[in-house]
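The values are calculated or read from the model by the stated rules, or taken from the named source; none is laboratory data. Being a predicted model, the structure only gives us computed values, none of them experimental. Because the Cβ atoms are built from the backbone with ideal geometry, glycine has one as well, and the counts that use them run over all protein chains shown.
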Amino acid sequence: MDLTKLPPYQKRDFVPQDADLTDTQVVTTLMTQLEGRAITTVPELERWMLDRSELEAALSQAGSILYIFMTCQTDDPSKASAYSKFITTVLPAVKPLNDRLNRRYLELRQKIRLDEARYQVYDRDIKTDVDMFVEQNVPLQTKVDLLAQEYQTVSGAMTVDFEGKEHTLPQMSRYLLENDRALREKAWTAVAARRLEDKDQLENIFDQMFRLRNEISRNAGFKNFVEYQFKAYHRFDYTPTDCKRYHETIEALIVPLNGKILERRKTEMNVKTLRPWDTAVDPLGRPPLKPFQEVKELISGTQKIFNRLDAHLAAEFKNIDDLGLFDLASRKGKAPGGYQNTLSEARKPFIFMNAVGLDDDVRTLLHEGGHAFHALACAQDPLLEYRHGPMEFCEVASMAMELLGGEHINVFYNEAETKRSNREHLEGIIHILAWVANIDAYQHWLYEHPNHSAQERRQAWVGFYEQFGGKFIDWSRLEEPRAHLWHRQLHIFEVPFYYIEYGIAQLGALQVWMNARKNPKKALADYQRGLALGGSRPLPELYKAAGIEFNFSAAIIKPLIEAVTAEWEKLS
């Protein structure tokens, strides 16, 4: 479907139907009209908020469509240009006006009483955004956005000529599942060499981002970018110190378990050491799991999973497919990774992936499907601000769906393959908990040492990588690829410090999984109840509504990991 023709969730009341929201003048005129509106009563203020939300949703969708078009085809100059124009003209013009609207709202709230419970989170977020806004940061933030687009373009252009054919890097991952160790090494080495070709360009992109972010945080009056970004992300319920405790707990409880898993792998493979190309292949020499050949089979199989899980979720997934809101296959020129992007005016999700026929692709679609269900569950809220939750809960929606949907993954496999897939998924959970700590600890170090050199940055990366599990892999004669491994983590470039959420949320998802093992219907109902709240309640209340606890201390991690370990051993 042409995303620009997607019908809105409801008819516009304030924004003209034919308004071009990629036109700076159109957008700023509408925002100025809002700013100047006379408001003296509760109904007038709430109408003003709804009109503002309508404009923000329409503007958000206009930007989302341009971003989707750009990431789906990074090698199309017209799409890159359209997105660049939006982030260099519309967004910089909007930011100061948005701040003025925020200040107007806070002034009105001093005079007009609204339902405190309903607007508690809204008020808190607006106050924080007002505190954070510094007009001189607007052009700096635009430069960061453009650098993020450059990172996408460089990454999306990476291909490898291998076995007589050009492959994208996601497509090359299939070779790491082959039993021929020499072939795996050759494939891994080819990808590593290709990444290193652009290492200097990526280092330069990051250096520019890093300088800009430090300047932005200083302009806003913060000691460093760590403090700035935590407040910018509205992290009201935990601190950098809490994150460092998470790192310590993961090192104590998860890293040894990861070592045990890798030691068993080494024994099963009968190799002296595990090399980087040995970590994905089946250790017993079985052929790779191949759940599907074509993307249409991935969609139809996942539809069957949701049919078994819940009729309502199944209908929603089918509707997403019917509307053409998937772009799932990997191809040249497509940006890396996967995401779900909510088209805010239509209140519909769009799912982007790089599927190549692997077991991970099924889990990824379940993951992004969880995000999509979250967007749909809270779509009825009239305030855009409440139609998305905090990331620490958004990722519960996605990671829990990997586990809940994974209970029915046998639609793709026979009994033995199902057991193997679930075992590998549990191993992946252990790995991701450690990897999150690795990435988060490294980012804390980066921004706590603003004067570090590129060489110190590489040394710090290697240190954290070894600390959180890299020591179990033999990287001899591969020092340069190891030192630049972090380049593949787009979060470090595009959304700094947005990664600890995956660790926190994985613990929440495991709690949902534990609940489902006791009472599947209640666990799913609780999960859906939490999703329906969107961002209308504080983070701990969202967790509580979903029947789980917002807690990432050793007290919560230990019993969850014991349960995962027991299940893993049963599947081994």
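For the stretch 409-443: of the residues being of a type in the set (S, T, N, Q) and either within 25 Å of the chain's Cα centre (by Cα) or in a helix (DSSP H, G or I) (or both), which is surrounded by the fewest Cβ atoms within 10 Å (Cβ to Cβ)?
So in the stretch 409-443, the residues of a type in the set (S, T, N, Q) come out as 410, 414, 418, 421-422, 438, 443.
Then drop every residue that is not either within 25 Å of the chain's Cα centre (by Cα) or in a helix (DSSP H, G or I) (or both), which leaves 410, 418, 421-422, 438, 443.
Working: ASN410: 17, THR418: 19, SER421: 22, ASN422: 20, ASN438: 26, GLN443: 24.
Per the criteria, the residue is ASN410.
For the stretch 83-132, which positions are free of Cβ contacts under 8 Å to residues at least 60 places away in the same chain, of a type in the set (S, T, N, Q) and out of contact with any Ser or Thr (no Cβ under 6 Å at 6 or more places or on another chain)?
ASN102, GLN110
Inside the stretch 272-282, can you point out the residues that are of a type outside the set (Asp, Glu) and touching a residue at least 12 places away in the same chain (Cβ under 8 Å)? Show your work before the answer.
We begin by selecting, within the stretch 272-282, every residue of a type outside the set (Asp, Glu); these are 272-277, 279-281.
Once the filter is applied, which keeps residues that are of a type outside the set (Asp, Glu) and touching a residue at least 12 places away in the same chain (Cβ under 8 Å), the stretch 272-282 yields THR273, LEU274, ARG275, PRO276, TRP277, THR279, ALA280, VAL281.
Given the conditions (1) modelled with pLDDT of 95 or more; (2) more than 30 Å from ARG52 (Cβ to Cβ); (3) out of contact with any Lys or Arg (no Cβ under 9 Å at 6 or more places or on another chain); (4) not basic (Lys, Arg), report the number of the one that LEU343 does not fulfil.
Result: LEU343 fails condition (2) only.
Restricting to the stretch 20-53, and then to whatever is hydroxyl-bearing (Ser, Thr, Tyr) and assigned to a helix (DSSP H, G or I), can you tell me which residue is farthest from LEU328 (Cα to Cα)?
So the first thing to find is which residues in the stretch 20-53 are hydroxyl-bearing (Ser, Thr, Tyr), and the list is 22, 24, 28-29, 32, 40-41, 53.
When the remaining residues are screened for being assigned to a helix (DSSP H, G or I), the result is 24, 28-29, 32, 53.
Numbers: THR24: 32, THR28: 35, THR29: 38, THR32: 40, SER53: 30 Å.
That would be THR32.
Quick one: PRO288 ticks every box in (1) surrounded by 13 or more Cβ atoms within 10 Å (Cβ to Cβ); (2) over 24 Å from THR565 (Cα atoms); (3) not acidic (Asp, Glu) except a single one, so which number is it?
(2)
Out of curiosity, is LEU542 in contact with a His (Cβ under 6 Å, 6 or more places away or on another chain) and either assigned to a helix (DSSP H, G or I) or within 23 Å of GLY259 (Cα to Cα) (or both)?
Numbers: in contact with a His (Cβ under 6 Å, 6 or more places away or on another chain): no; either assigned to a helix (DSSP H, G or I) or within 23 Å of GLY259 (Cα to Cα) (or both): yes.
The answer is no for LEU542.
Regarding ARG184, is this residue within 22 Å of GLU494 (Cα to Cα), modelled with pLDDT of 95 or more and among the basic types (Lys, Arg)? Even if it seems obvious, please write down each step before you answer.
On the way: within 22 Å of GLU494 (Cα to Cα): no; modelled with pLDDT of 95 or more: yes; among the basic types (Lys, Arg): yes.
Answer is no for this residue.
Report yes if some residue within the stretch 246-264 is hydroxyl-bearing (Ser, Thr, Tyr) and loosely packed, with under 14 Cβ neighbours inside 10 Å; otherwise report no. Talk me through it step by step, then tell me what you get.
So in the stretch 246-264, the residues hydroxyl-bearing (Ser, Thr, Tyr) come out as 246, 249.
With the extra rule that they be loosely packed, with under 14 Cβ neighbours inside 10 Å, the set shrinks to none.
The answer is no; no qualifying residue exists.
Mind checking which residues of the stretch 291-321 are assigned to a helix (DSSP H, G or I) and within 30 Å of GLN149 (Cα to Cα)? Show your work before the answer.
As a first pass, look at the stretch 291-321 and keep what is assigned to a helix (DSSP H, G or I): 295-309, 311-321.
Within the stretch 291-321, VAL295, LYS296, LEU298, ILE299, PHE317, ILE320, ASP321 qualify.
Mind checking which pairs have a first residue in the stretch 548-572 that is surrounded by 15 or more Cβ atoms within 10 Å (Cβ to Cβ) and hydrophobic (A, V, I, L, M, F, W, C) and a second that is in a loop (DSSP other than H, G, I, E, B) and at pLDDT 90 or above, Cβ under 7 Å, 6 or more apart or different chains?
Every condition considered, the pairs that remain are PHE550/ASP237; ILE556/GLU549.
Just need a number here: residues in the stretch 174-185 that are more than 20 Å from ASP360 (Cα to Cα) and either free of Cβ contacts under 8 Å to residues at least 12 places away in the same chain or crowded, with 19+ Cβ neighbours inside 10 Å (or both).
If we filter the stretch 174-185 for residues that are more than 20 Å from ASP360 (Cα to Cα), which is where we start, we get 180-183, 185.
Going one step further and asking which of them are either free of Cβ contacts under 8 Å to residues at least 12 places away in the same chain or crowded, with 19+ Cβ neighbours inside 10 Å (or both), we end up with 180, 182-183.
Of the residues in the stretch 174-185, 3 are more than 20 Å from ASP360 (Cα to Cα) and either free of Cβ contacts under 8 Å to residues at least 12 places away in the same chain or crowded, with 19+ Cβ neighbours inside 10 Å (or both).
Any chance you could count how many residues in the stretch 219-229 are surrounded by 18 or more Cβ atoms within 10 Å (Cβ to Cβ) and out of contact with any His (no Cβ under 9 Å at 6 or more places or on another chain)?
First, pick out the residues of the stretch 219-229 that are surrounded by 18 or more Cβ atoms within 10 Å (Cβ to Cβ): 220, 222, 225-226, 228-229.
Then drop every residue that is not out of contact with any His (no Cβ under 9 Å at 6 or more places or on another chain), which leaves 220, 222, 225, 228-229.
Going through the stretch 219-229 one residue at a time, the tally reaches 5.
Give all pairs with beta carbons closer than 6 Å in which a residue from the stretch 13-31 that is within 18 Å of TRP48 (Cβ to Cβ) and surrounded by 17 or more Cβ atoms within 10 Å (Cβ to Cβ) meets a residue that is charged (D, E, K, R) and modelled with pLDDT of 95 or more; count only pairs at least 6 apart in sequence or on separate chains.
Hits for this filter: PHE14/ASP51; PHE14/GLU54; VAL15/GLU54.
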